[in-house]
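Asker: Here's a structure for you.
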Amino acid sequence: MLRSLLRYKPQILKQCSQQSCRNYTSNSLLTEINLKMFRVLDDASARNISKAVTLSRVLDLAKDLQQSGEPFNAETYEHILTAYSKRGEDKILTLHEQMESQGIKPTRTFYHKALQLAARTGDATTQARIIELMEKYGHKPTSKTYHLMLACMRENTELERALDTFELMKKQNIVPGLLTYLDIIDLAVNLHQPDVASELLEEAEKLPTFRIKDKFLYMHVLRSASSNGYYKIAKLNWEKAVINCNFIPDEGVFLNVLNLAGKHGDPQLASDVIRVLGEQGYTYRDCHFSPLIEAFASTGDMASTFKVFTAMRKAGVIPNKKTTLPVAHKLGTDVNAIRKSRDILIEMAKTDGQEVDISLFNMIIHSFAYNKENDEAISVFVRAKEFGVKPNSETLDAVLDACIHCRDAAFGEMIYKEQISKGVKRTVTNMSKMVTLMCTQNDYEDAFVYLENMKKLNMIPLRGCYFKLVKVLSAANDPRLKLAIEDMEACGYSISTHMEEYMENEVEKRLNFTEKEDAIIQT
């Protein structure tokens, strides 16, 4: 009856055959053997004894019991199943068949051990068969039964099936245990569904068995929500994990939450993240403040937004043109909003302890120039002292944009030379803008002068200024067009299809004009 089961390894059976049946002093050999099996299994867990050795010892005891002629009982089979499960061997159905053949009714404990063994390997088929056998012997599913079934679903990453099973438990008035909740929450997090995980976690919080140490799940849900773009869930679990429980996220979570706060216009959350970042000793970087600026700018509260720039610079992070983009996008083409922002900066300059950041000053000029409010752009520039700022190369770029729009080459060149004399550095950008500015005149000689100056400084002019020069030379039928194209190609820029079409159209216009003139003369 047990021969097939005890064919574990030849060497073990050989050792067993050489031993005579041990002498037991107990009145009940079965009880004593079962107790010894229990102690072997308990000792194996406590002392981390080899799984193979543990199984060998249990089978030796089973062999002794078999040789004595004493029948096994349900408890014996439970111990044998436990020993096999430690080894990772599936003998569930084999043991069950032997129990049935001996008229032994398997206990609920046996079935639960069997379900647990099947769950480890994700063997849903075996689990389904075990459930059928449980019903056959009148064992109704309990909370633990469902927990072991859900553990198998977790192993197989079957979230939808797990949620359906979870709902079935509730319909049967079976209260899920904390471990059941934790398994499904973990599965949902691993499958990037923080909304499901957060909802289950809120239910788990209400269980009397929910412990302080289980609150680490707030951080798991926060990490998943922030990386997968779930703003509301991230905000909720930031409050629980970081503010209430004082858990410390890694920098990736900090950045993800900051970006969510920026996208959803939540300056309070963004400020909170910045504060905790500082408290934890992180070195502030531009990527930390950019979402904060985006969050404040989205609200339209420019006074508060501009103060972030001051705080940013005090923290050792220097704002630049890219940093101001959220503000510039918010202002857009609303000239009145740009004027109000300018006035806010002026008031900041008058207030003690407040400084106007040069990047914001430049952004106001750029915004006016972008909207072709050139006079206002230049007006802001000449009032730099009133704003309490010292113009830099980006300031010069902004003013030159305004001069290009209003085609005032003389004023633009005067500002350029003045700023260079005051120590503003020549850059590829401002010198390329000077080439473009010189193209607004009738005589383009100065444009070539600036190109030559750039070559002497080992600078490669920007593509845009060459395009502008080629266009105006083509329109004017200037013989220096070929020289400009050669120079452009020498810098690595090719003539685009659009540019070729433009030049062909200019040639065609001149031919048509010449034909009309000839016709008039003949007439």
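The values are calculated or read from the model by the stated rules, or taken from the named source; none is laboratory data. Quantities reported herein were computed from a predicted structural model and do not represent experimental measurements. Ideal geometry is used to build each Cβ from the backbone, glycine not excepted, and the neighbour counts take in all protein chains shown. Heads up: the accessible areas ignore ligands, DNA and RNA and are worked out on the full protein's heavy atoms, side chains in. Shrake-Rupley method; radii C 1.70, N 1.55, O 1.52, S 1.80 Å.
Asker: Only Cα pairs under 8 Å and at least 6 apart count here; give the relative contact order of the chain as a rounded whole percent. Walk me through the intermediate numbers first.
Answerer: Values: 567 pairs, mean separation 26.1, N = 523.
Relative CO of the chain lands at 5 percent.
Asker: Just to compare against my own numbers: the Cα pair-distance distribution for the chain, 10 Å bins, whole % per bin, please.
Answerer: Whole-percent P(r) values from 0 Å outward: 3, 13, 14, 13, 12, 10, 9, 8, 8, 6, 3, 1, 0, 0, 0.
Asker: Magnitude of the Cβ-charge dipole of the stretch 144-252, K/R +1 and D/E -1, about the Cα centre, nearest 20 debye? Intermediate results must be reported in sequence, preceding the final value.
Answerer: Details: 13 positive and 16 negative charges, 66 e Å.
Here the stretch 144-252 has a charge dipole of around 320 debye.
Asker: Of 307/350; 263/425; 171/206; 235/322, which sit over 24 Å apart, Cα to Cα? Don't jump to the answer; show the numbers that get you there.
Answerer: Details: 307/350 14 Å; 263/425 36 Å; 171/206 19 Å; 235/322 27 Å.
263/425; 235/322, as the Cα separations exceed 24 Å there.
Asker: OK, next. What angle do you read, to the nearest 10 degrees and between 0 and 90, between the alpha-carbon axis of helix 302-314 and the longest principal axis of the chain?
Answerer: Helix 302-314 and the main axis of the chain meet at about 80 degrees.
Asker: Something else: Angle, helix 286-299 long axis vs. longest principal axis of the chain, Cα atoms, 0 to 90°, nearest 10?
Answerer: 80 degrees
Asker: Using a 1.4 Å probe, what is the accessible area per residue for the chain, in Å²?
Answerer: On the way: 27030 Å² over 523 residues.
Value returned for the chain: 52 Å² of accessible area per residue.
Asker: Measure nothing fancy, just the Cα-based angle from helix 428-438's long axis to the longest principal axis of the chain, in degrees from 0 to 90, nearest 10.
Answerer: It works out to around 40 degrees.
Asker: Just reorder 38, 368 by solvent-accessible area, largest first, 1.4 Å probe, all chains present. Each step should come with its number before you reach the end.
Answerer: Values: 38 110, 368 0 Å².
Correct descending sequence by accessible area is 38, 368.
Asker: Something else: Using protein chains only and a probe of 1.4 angstrom, how many square angstrom of residue 414 are accessible, to the nearest 10?
Answerer: 100 Å²
Asker: Accessible area, 1.4 Å probe, largest first: how do 282, 231, 218 sort? Don't skip to the end; give the middle numbers.
Answerer: Numbers: 282 70, 231 45, 218 15 Å².
From most accessible down to least: 282, 231, 218.
Asker: Number of Lys pairs in the stretch 52-133 with C-alpha atoms less than 18 angstrom apart, excluding same-chain neighbours closer than eight positions?
Answerer: Numbers: 63/91; 86/113; 91/105; 91/113; 105/113.
Taking the Cα cut-off of 18 Å, the pair count is 5.
Asker: Taking 7 Å along the Cα-to-C-beta vector as the label spot, tell me the residue 28-residue 67 distance in nanometres, rounded to one decimal.
Answerer: So the label points at residue 28 and residue 67 sit 2.4 nm apart.
Asker: Related question: With charges only on Cβ, +1 for K and R and -1 for D and E, what is the dipole size of the chain about its Cα centre, in debye, rounded to 20?
Answerer: 2600 debye
Asker: Under a Cβ-Cβ cut-off of 11 Å, what is the net charge of the residues other than residue 399 that fall near it, where Lys and Arg count +1 and Asp and Glu count -1? Spell out each step's value before the answer.
Answerer: Numbers: positive: 433; negative: 394, 397, 401, 408, 418.
Counting the neighbours of residue 399, the net charge comes to -4.
Asker: Put +1 on the Cβ of each Lys and Arg and -1 on the Cβ of each Asp and Glu in the stretch 306-364; which of 359, 326, 309 then has its Cα farthest toward the positive end of the dipole?
Answerer: 326
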